[in-house]
Amino acid sequence: MDTLRLTQFARGGGCACKIPAGELEQIIGGLQVVLPDPAAEVLVGLDDGDDAAAVRIEGGTALLSTADFFTPVIDDAYDWGRIAAANALSDIYAMGGTPVMGINLVAWPREALPTELLREVLRGGLDVAALASCPVLGGHSIDGPEPMYGMAVTGTADPDRLMRNDAAQAGLPISLTKPLGVGVLNNRHKATGEVSQEAVESMTALNRDASLAALAAGIRAATDVTGFGLLGHLYKMCRASSIAARIDASAVPYVAGAREALAAGHVPGGSRRNLEWVRPSLAAVSGISEDELILLADAQTSGGLLVVGEIPGAPVIGETVSAGSLGEGVLIQVS
């Protein structure tokens with residue numbers, strides 16, 4: 001098992017293997033969702049592609065539900081399990097919720113990979129879920145051509161304090177709670193086997209404390225930065241909230257080695273697709289290179305929270321502004 005490299009058994013890796021955002025929107029755009037009567041009990045649905053669904057249940061609690069799974073982002077089975085679990089839990093934290101329970105989601109090529117490795121993946125997921133005080137109560141597994149792992153997670157929240165991607169207002173700072181760059185570093189790992197321990201530590205870290213800090217600060221708008229990159233998730237937030245945003249590229253933090261990985265050509269296809277998706281609504285001032293934009297669009301796995309507001313310890317990377325103030329059709333300006 002020591003010689004097996006999990007990343008070589010999948011075409012993509014981590015959240016970079018997502019269906020491209022524009023393509024996904026076309027797929028689901030014509031679908032009709034039948035809402036219960038009264039429809040007001042659905043608090044967050046498909047409209048703006050938020051991090052989790054939310055419904056109000058008896059007693060007034062908001063019940064949150066999400067699912068997230070992906071192919072190996074790293075060769076170490078235990079760490080992959082930890083990363084996937086942290087990533088799935090993040091959707092609950094991004095909306096200001098508390099995880100209540102998780103369900104494992106597994107695909108495993110039984111004839112190609114030993115089941116002992118799958119046990120390590122599941123152990124990693126259990127350990128991170130335990131840190132979140134979130135019991136994992138079963139799940140579903142299939143024999144598939146590529147290894148995949150993740151969780152469906154249920155959580156609860158105060159419906160009056162939900163953090164949403166359509167609630168951003170102009171004139172506020174934008175904060176980011178984890179550094180970017182794990183996409184290019186994971187791509188380097190897949191190509192060379194070189195491990196960035198700093199990237200692993202970032203991806204396995206829970207967004208629980210950041211979520212609690214945001215709630216304490218009265219934040220109303222947040223999302224987590226995953227497969228669509230910072231620019232992609234900020235674009236979705238600006239579009240949903242009818243605002244625009246300025247990003248100060250020099251203020252954005254990166255995991256050590258990310259720029260070197262980019263310079264060596266280790267760019268996930270998903271990162272390039274993210275940039276092309278937002279480019280029609282993007283303006284870069286003179287001096288901002290294509291490489292800088294690629295990093296800002298880098299497909300993250302288990303990234304941090306992108307918060308409209310200021311929270312302790314998180315760098316401020318920009319500000320929200322009124323729609324139309326950056327020019328016709330421009331939702332994001334990078335300077």
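Summary of computed values
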{"read-out": "Rounded to whole Hz, the Karplus (6.51, -1.76, 1.60) HN-Hα couplings of segment 317-324, x for glycine and proline", "value": "10, x, 8, 8, 9, 5, 4, x"}
{"read-out": "Sequence ranges 279-292, 218-231, 298-311, 106-119, ranked by mean other-Cβ count within 10 angstrom, highest first", "value": "298-311, 218-231, 106-119, 279-292"}
{"read-out": "Glu276-Gln8 FRET efficiency (beta carbon distance; Förster radius 30 Å; 0.05 resolution)", "value": "0.65"}
{"read-out": "Spin-label model distance (nm) - Gln169 vs Asp47, 7 Å beyond Cα toward Cβ", "value": "1.8"}
{"read-out": "Mean Cβ neighbour count within 10 Å, used as a protection proxy, ranking 256-265, 134-143 highest first", "value": "256-265, 134-143"}
{"read-out": "Peptides 317-327, 153-163 ordered by average Cβ neighbours within 10 Å, highest first", "value": "153-163, 317-327"}
{"read-out": "Normalised convex hull volume, the chain, alpha-carbon set, Å³ per residue", "value": "132"}
{"read-out": "Percent of beta bridges antiparallel (DSSP, the chain, rounded to nearest 5)", "value": "75"}
{"read-out": "Segment 72-227, dipole about Cα centre (Lys/Arg Cβ +1, Asp/Glu Cβ -1), debye to the nearest 20", "value": "340"}
{"read-out": "Cβ-Cβ FRET estimate between Arg161 and Ala263, R0 fixed at 41 Å, reported to 0.05", "value": "0.45"}
{"read-out": "Net charge dipole size for segment 191-310 [Lys, Arg +1 and Asp, Glu -1 on Cβ; Debye, nearest 20]", "value": "560"}
{"read-out": "Gain on full stretching of the segment that runs from Arg56 to Arg123 - 0.36 nm per residue minus C-alpha separation", "value": "20.8 nm"}
{"read-out": "In nm, spacing of pseudo-spin labels at Ile19 and Ala191 (7 Å Cα→C-beta vector)", "value": "2.9"}
{"read-out": "Positive-end residue, segment 173-334 charge dipole about Cα centroid, Cβ charges, pick of Gln197, Tyr235, Ala217", "value": "Tyr235"}
{"read-out": "Residues of segment 303-324 with amide N under 20 Å of the 7 Å Cα→Cβ point at Asp209", "value": "303-317"}
{"read-out": "Sequence-distant residues sharing a close amide H with Gly318 (under 5 Å, placed H)", "value": "Ile174, Asp248"}
{"read-out": "Selection from Val308, Ser322, Ile332 lying farthest towards where the dipole of segment 191-335 points positive, charges on Cβ", "value": "Ser322"}
{"read-out": "Listed residues Leu262, Pro99, Ala245: farthest to the positive end of the dipole of the chain (Cβ charges)", "value": "Leu262"}
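Each reported figure results from applying straightforward, stated rules to the coordinates on display, with no laboratory input. Just so you know, these numbers come straight off a predicted model, no measurement behind them. Don't worry about glycine lacking a Cβ; one is built from the backbone with ideal geometry, like all the others, and counts go over all protein chains shown.
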